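Structure record follows, encoded as structure tokens.
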Amino acid sequence: MPTELRTSTAVDASDSRTWGRRALDAIDERLGITALAYPVPEHANRFAWTLGGITAISFLLLIGSGIVLAQFYSPMPEDANQSVRAIETEVWAGSLFRGVHFWAAQAMYVGAVLHMIRIFLTGSYKRPREGNWLIGVAMLGLITFALFTGTVLKWDQEGFEALGHNIEIGNLLGGLGFWFSPEFAGRISILLRLYGAHVVIIPGIILVLLVLHLLLVKRHRMSPHPLLPAGTSSEQAAEGEPTQPFTRHIRRLVAFGIALAGILGVLAVLFPAPIGSTPVPGIEITKPPWMFWWPFTLENWFGLSAIVWGELVFFFLLAVLPFVDRGPERWWRRRPVAMGIALVVLAVLTVLTILMAITPAEVHL
Amino acid sequence: MAAAAIGTLMVLGSLTIASPARADGGQSADEGYVMVLQALSFLVNDPGPDGTAQALAMVGDALEAEGHDGVDVLMLEQAAASLRAGSTEEAQTLLQGSISEAVDSLEPAVGDETGTTVMLAPLPPRGALSVTDWVFLGLSVLAAAVGIVLAVLFRPTESLRELGHDISAARDRATVASTGKEA
Ligand code: HEM
């Protein structure tokens, strides 16, 4: 294993390495890059097991395109909508960067959900990986929060109506919702605080959690593939499974990353991100982005507090899963109860989403 | 949205509880000029008959509203007449003009005030692709293709079944080795 530090690569007359090799070794001695070549079980290179990595790549693309947008966006209510229009029409390639950001956000959401479904189907949240599952749930909440704040930043009718809902929900939560109250910091615009959350607080926390998440994946090692013969421990891949250096895994991820960047680029050109009319309070004529449709159908039926209850139940179910489902079975076909419950939840979310898709916007607040 | 609220609560859950939020913002939806902006919003979001009808109803409300501070009532009435006559564009100009005094005297927006002074219609879909767009599209298609080809090239060489065989074979070898030693 090349993880040990070589004590010295000092000039040695008998050193037969080429100049290039010596340069690489010198860099590696300082940065420890070859330590990344630790062995991972072969099954980790299958597509379903790279979905977490693909989510991480979407995050990188979001940071890159977001940095560009931040140069031209103005978080002042009087000018925010106009500055987004300027990005679309005046900044060179601005519309493309905004389009990539818009689509990468959805890719990250979809990626995280698919990754979570993989973890669920292969029982990878089971002992000893329950803690990492919780970190994942927290990151999913943060991604949702980033999508929400991003929607508000456009400062168009859609974003403002979304904000209105959130302020009302904040009021509903009483003291707990203080951060969403416009009066919490009454002498500045709430848009400024949401901007801070969107560009610093949320990505910052995601980044910290992601580092923890990956360190834990390394510490626990990749969970076993439930269809492969088990090893001595049901928590780890069998000792006899062939391995590949982790750098091979990264190599495949880079390939997926190039493909993803290309696909997002095509989407950005063909389906640019929209920007609506300047906002006015007191009317409701828009719908939120699709990830928020299911709680909004609940609101149509039961009123505003149903959004809170719906989301609480959803995140509660996610959070308790690894502590309730502790059986040794990992393959989904042999876990009928967990699968049954998951299917019901999925069906409910899908039906609620479709219902919102076919319902016109309605006045609630 | 709620996920947002809950997400924060989950992560920042340990924060102290502050004073309860007050519901009223600094900008109320029944002020005269805000009603005119609402009428404008209906118009720019749906220039057809539905939007015009909603806008007209809103202008009616604005005319009946108690406070007309900064709103030119005469212009507002003209706007209503234009709306009834179906000249949406003229109505839009009149509506925007009728609130110029009100929006000119607005303080910088705080809290959840919108800061909206001019009603801008949703940005129309962009027209034909520019040279930059075409170049970017070409590069993106290329990247997508190269990425997919590389991902296929770098795919795992063994199927699950083969991996299963490898594991069983390794286990058999280990058993033979250990029993051999014991013998
Ligand atoms: C920001 C979003 C996320 C990123 C970037 C991310 C990234 C990753 C990566 C790269 C892995 C290695 C295995 C793989 O790629 O499949 C992984 C594993 C894992 N993730 Fe995530 N993840 C995210 C969200 C989530 C969510 C939402 C959950 C579940 C609620 C979750 C739970 C787990 C667990 C339990 C493992 C260990 C799986 C195993 O060993 O097979 N992650 N994550």
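The values are calculated or read from the model by the stated rules, or taken from the named source; none is laboratory data. Here the structure is a predicted model, which means the values were calculated and not measured. Heads up, the Cβs are rebuilt from the backbone with ideal geometry, glycines too, and the neighbour counts pull from every protein chain shown. These area figures cover heavy atoms from the full protein model, side chains too; ligands, DNA and RNA do not enter into them. Shrake-Rupley method; radii C 1.70, N 1.55, O 1.52, S 1.80 Å.
How would you classify the range A:19-118 from its alpha-carbon gyration tensor, with a ≥ b ≥ c the square roots of the eigenvalues: rounded for a/c under 1.5, else prolate if a/b is greater than b/c, otherwise oblate?
Here the range A:19-118 falls in the oblate category.
Hey, if we sort A:ASP325, A:ASP156 by accessible area with the 1.4 Å probe, largest down, what's the order? Spell out each step's value before the answer.
Working: A:ASP325 30, A:ASP156 5 Å².
The ranking, largest first, comes out as A:ASP325, A:ASP156.
Work out the charge dipole of the range B:31-104 with +1 on the Cβ of Lys and Arg and -1 on the Cβ of Asp and Glu about the Cα centre, then indicate which of B:GLY60, B:SER100, B:THR88 is farthest towards its positive end.
So the residue furthest toward the plus end is B:THR88.
Around A:GLU78, which amide H atoms from residues at least 5 apart in sequence, or from another chain, sit under 5 Å from its own amide H, with H modelled in the peptide plane?
Result for A:GLU78 returns B:ALA109.
When the chain is fully extended, how far beyond the present Cα-Cα distance does A:VAL313 get from A:GLN106, taking 0.36 nm per residue of separation?
Taking A:VAL313 through A:GLN106 to full extension adds about 72.2 nm, to one decimal.
With a ≥ b ≥ c the root eigenvalues of the C-alpha gyration tensor of the range B:131-179, is it rounded (a/c under 1.5), prolate (a/b larger than b/c) or oblate?
It comes out prolate by the Cα gyration axes.
Can you give me the angle between helix A:157-172 and the longest principal axis of chain A, using Cα atoms only, in degrees from 0 to 90, rounded to the nearest 10?
Rounded to the nearest ten degrees, it is 90.
Please give the total accessible area that chains B and A bury against each other, computed with a 1.4 Å probe and expressed in Å² to the nearest 100.
6500 Å²
Which of the aspartates and glutamates could a cross-linker bridge to A:LYS218, judged by Cα under 19 Å and excluding same-chain residues fewer than eight apart?
A:GLU4, A:GLU42, A:GLU130, A:GLU235, A:GLU239, A:GLU241
HN-Hα J couplings of the range B:145-158 from phi, Karplus 6.51/-1.76/1.60, θ = phi - 60°, integer Hz, Gly and Pro as x?
5, 4, x, 5, 4, 4, 4, 5, 4, 8, 5, x, 7, 9
For a Förster distance of 30 Å, can you work out the FRET efficiency between the beta-carbons of A:THR89 and A:ASP25, rounded to the nearest 0.05?
The formula returns an efficiency of 0.05 here.
Tell me which of A:ILE358, A:TRP331, A:PHE302 sits at the most positive position along the dipole axis of the range A:301-358, charges placed on C-beta atoms (Lys, Arg +1; Asp, Glu -1).
Value: A:TRP331.
Place a point 7 Å from the Cα of A:THR359 along the Cα-to-Cβ direction; which residues of the range A:134-165 have their backbone N under 17 Å from it?
Hits in the range A:134-165 for A:THR359 at 17 Å: A:162, A:165.
How high is the FRET efficiency between B:THR179 and A:SER234 when r is their beta carbon distance and R₀ equals 25 Å, given to the nearest 0.05?
Working: r = 24 Å, r/R0 = 0.96.
Here the calculated transfer efficiency is 0.55.
How far, in nm, would the chain grow between A:ARG334 and A:ARG17 when pulled straight, counting 0.36 nm per residue and subtracting the alpha carbon separation?
Values: separation 317, 0.36 × 317 = 114.12 nm, distance 5.46 nm.
Taking 0.36 nm per residue and subtracting the Cα distance, the gain is 108.7 nm.
Can you give me the long-range amide H partners of A:GLN244? Hydrogens built in the peptide plane at 1.01 Å from N, cutoff under 5 Å, separation of 5 or more residues or another chain.
Those qualifying (amide H under 5 Å, at least 5 residues apart or on another chain) are A:VAL40, A:GLU42.
So if we plug the beta-carbon distance of A:GLU130 and A:ALA48 into 1/(1 + (r/R0)^6) with R0 = 22 Å, what FRET efficiency do we get, rounded to 0.05?
My answer for the efficiency is 0.60.
Take A:LEU192, project a point 7 Å from its Cα along the Cβ direction, then tell me which residues of the range A:75-106 have their backbone nitrogen under 14 Å from it.
Within reach of a label on A:LEU192, which here means backbone N under 14 Å from a point 7 Å along Cα→Cβ, the range A:75-106 contributes A:75-80.
Can you tell me the dipole magnitude for the range B:31-104 around its Cα centre, using point charges on the Cβ only (Lys, Arg +1; Asp, Glu -1), in Debye to the nearest 20?
It works out to roughly 260 debye.
Ordering A:VAL211, A:VAL152, B:VAL146 from largest to smallest accessible area (1.4 angstrom probe), what's the sequence? Please report the intermediate quantities before stating the final value.
Numbers: A:VAL211 85, A:VAL152 0, B:VAL146 65 Å².
The most accessible residue leads, giving A:VAL211, B:VAL146, A:VAL152.
Rounded, prolate or oblate for chain A? Axes are the square roots of the Cα gyration tensor eigenvalues, ordered a ≥ b ≥ c, and the cut-off for rounded is a/c under 1.5.
Oblate shape, in that a/c is at least 1.5 and b/c is the bigger or equal ratio.
Where nothing but the Cβ of Lys and Arg (+1) and of Asp and Glu (-1) is charged, how large is the charge dipole of the range A:105-203 around its Cα centre, in debye to the nearest 20? Walk me through the numbers on the way to the answer.
Values: 7 positive and 6 negative charges, 110 e Å.
For the range A:105-203, the charge dipole is close to 520 debye.
For chain A, set up a GNM with springs between Cα atoms under 10 Å and report which of A:TYR125, A:TYR38, A:TYR195 has the largest fluctuation.
Ranking A:TYR125, A:TYR38, A:TYR195 by mean-square fluctuation puts A:TYR38 first.
Under a crude label model (7 Å from the Cα following the beta-carbon direction), how far is A:ILE63 from A:LEU270 in nanometres?
With each label point 7 Å from Cα toward Cβ, the separation is 3.0 nm.
With a probe of 1.4 Å, find how much accessible area the range B:138-182 has per residue, and write the answer as a whole number in Å².
Working: 3110 Å² over 45 residues.
That works out to 69 Å² per residue.
Report the charge-dipole magnitude of the protein assembly as shown in Debye, nearest 20, computed about the Cα centre from +1 at each Lys and Arg Cβ and -1 at each Asp and Glu Cβ.
Here the size comes out at about 3900 debye.
If you add up the charges near A:PHE102, with Lys and Arg at +1 and Asp and Glu at -1, over every other residue whose beta carbon is less than 12 angstrom from its beta carbon, what do you get?
Here the charged neighbours net out to +1.
Mind giving me the nanometre distance, one decimal, between the label points for A:THR243 and B:ALA169, set 7 Å out from Cα along Cα→Cβ?
Those two pseudo-labels are separated by 2.0 nm.
How much accessible surface does A:PHE72 have with a 1.4 Å probe, in Å² rounded to 10?
The accessible area comes out at roughly 100 Å².
Which distance in nm do the two modelled labels at B:LEU120 and B:ASP104 give, with both placed 7 Å along the Cα-to-Cβ direction?
It works out to 2.2 nm between the two label points.
Solvent-accessible area per residue for chain A at a 1.4 Å probe radius, Å²? Kindly include the intermediate steps, with their values, before the conclusion.
Values: 17070 Å² over 365 residues.
Accessible surface, normalised per residue, equals 47 Å².
Once amide H atoms are built 1.01 Å from N in the peptide plane, which residues 5 or more positions from A:PHE72, or in another chain, come under 5 Å H to H?
Under 5 Å from the amide H of A:PHE72: no residue qualifies.
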